[in-house]
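Before any comments, here is the structure.
Computed from the coordinates by the stated procedures, all read-outs in this text should not be read as laboratory data. All of these numbers come straight from a predicted model, not from anything done at the bench. In this analysis, Cβ positions are derived from the backbone assuming ideal geometry, glycine residues included, and neighbour counts consider all displayed protein chains.
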Amino acid sequence: MALTLDFSGKTILVCGIHKGGMGGATCRQLAKAGATVIALDRDQAYVDEIVTEVEAMGGKAYGLTADLLDIAQCEQVIPRVLEKFGPIDGIANIAGGTRGEEWMPLEETPGESFWKTLQLNFAYVFYLCRDAAAEWIRTGRSGAIVNVGSVSAKDAAPWHGPYGAAKSGIIALTRTMANEWHEFGIRANSVSPGAVMSARVLDKAQTMSDRAKASRDPSDTVIFSEPVELANTITFLLSDLASGISGQNVTVDRSLSTKFCGGRRLTRKETEQKTIQQDQMGEDAYWNLAFSTKSRHRNPGRVSIPGASAWPSVPPTRTASSRSRWPTKRAFTLPGWSSITSARAAVTCLATTWS
């Protein structure tokens with residue numbers, strides 16, 4: 001006898017499908033539970049890929065494209081869904097994120113970049129949830145909403161302030177949705193990821209400025225989560241097993257936010273000094289020195305990059321006989337990359353990019 005998630009007969013709209021990310025993982029988990037999935041993204045290739053994947057699993061999925069940076073298109077998403085696919089039972093708003101070039105101090109952030117970040121990470125959620133709820137209320141149908149926040153909304157979001165502000169707005173707005181719509185049988189919750197390892201994060205790392213990379217303290221550590229871990233939580237909150245949960249924000253970050261969620265940031269003066277030191281020593285020599293002094297025991301989590309060698313979550317007790325097997329210095333390589341390049345990409349770039 002087993003307790004299972006049953007989405008038989010239910011249709012769920014998932015917004016934000018990207019290779020290797022939370023959106024695709026959520027589509028797969030929902031399909032495994034019996035849901036019909038409507039996958040929405042700006043990129044037709046991503047939509048086609050996940051639809052094909054779900055169908056190959058024996059599930060049912062449809063695709064839809066829309067640019068969620070465009071308000072007019074946002075206001076047409078729910079009407080288009082209803083017209084093409086009929087009623088829906090839930091919505092997962094996962095689309096969002098930042099571009100590498102957006103990582104900068106607040107006083108240097110252009111207004112256009114600020115508003116684009118808010119639109120992609122906050123405003124579109126309002127339009128889609130508003131229209132979905134209005135239809136559920138009109139037809140007397142219950143529904144479930146899950147919006148993705150971030151641990152960047154928890155305390156502060158240095159060098160990505162607009163993103164942190166947008167995700168704070170998501171969490172607050174979701175609680176208001178739960179309050180106003182509970183009488184109609186509509187539940188609303190948010191899920192806040194920490195540092196999530198995905199192909200998008202790897203791609204983003206290539207566009208971050210050298211100054212943004214230099215702002216991070218290389219001796220600090222970040223705990224990475226897997227997209228499927230977020231997908232499992234989203235799927236649960238959309239299910240009937242979560243019928244008593246509404247207005248809540250669930251953090252899924254393997255304990256990352258128990259310390260400062262963005263990791264330690266260097267002061268502006270420290271950043272400039274480090275940049276000068278890199279220039280004087282040469283970048284590879286600098287990062288080699290930085291990592292030669294970093295103990296692997298300081299990282300309580302597991303750096304989970306496909307193909308990378310990762311240390312266990314809990315190192316074994318060190319004894320005289322085990323010292324040769326557990327060196328103090330940490331080596332970190334990705335297939336085909338030098339150890340220095342891997343370290344630089346993994347820690348200075350990926351550790352600072354969230355959901």
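Tabulated data for the structure shown
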| item | result |
| --- | --- |
| 5 angstrom amide H check on ILE38, placed H, neighbours 5+ away | ILE12, LEU13, VAL14, TYR62 |
| Lys, Arg +1 and Asp, Glu -1 on Cβ, resulting dipole of region 59-120 about Cα centre, debye, nearest 20 | 440 |
| Estimated FRET transfer efficiency when R0 is 30 angstrom, pair ASN179-ALA156 (beta carbons, to 0.05) | 0.65 |
| Length gained when the stretch ASP67-THR275 is fully extended (0.36 nm per residue, less Cα-Cα span) | 71.1 nm |
| Cβ crowding within 10 Å averaged over residues, with 244-252, 124-132, 102-110 ranked highest first | 124-132, 244-252, 102-110 |
| Under-5 Å amide H pairs with GLN248, H placed in peptide plane, nonlocal only | SER190 |
| GLU55 versus TRP115: modelled label distance in nm, points set 7 Å from Cα along the beta carbon direction | 4.0 |
| Cβ crowding within 10 Å averaged over residues, with 184-192, 5-13 ranked highest first | 184-192, 5-13 |
| Cut-off under 5 Å, modelled amide H: who pairs with VAL148 long-range | ASN93, VAL191 |
| Region 18-149: C-alpha gyration tensor shape, a/c 1.5 cut-off, then a/b vs b/c | oblate |
| From phi via Karplus (6.51, -1.76, 1.60), per-residue ³J(HN,Hα) for region 134-141 in Hz, x at Gly/Pro | 4, 5, 5, 5, 4, 9, x, 9 |
| Using θ = phi - 60° and Karplus 6.51 cos²θ - 1.76 cosθ + 1.60, couplings along region 167-177 (whole Hz; Gly, Pro as x) | 6, 4, x, 4, 5, 5, 5, 5, 5, 5, 4 |
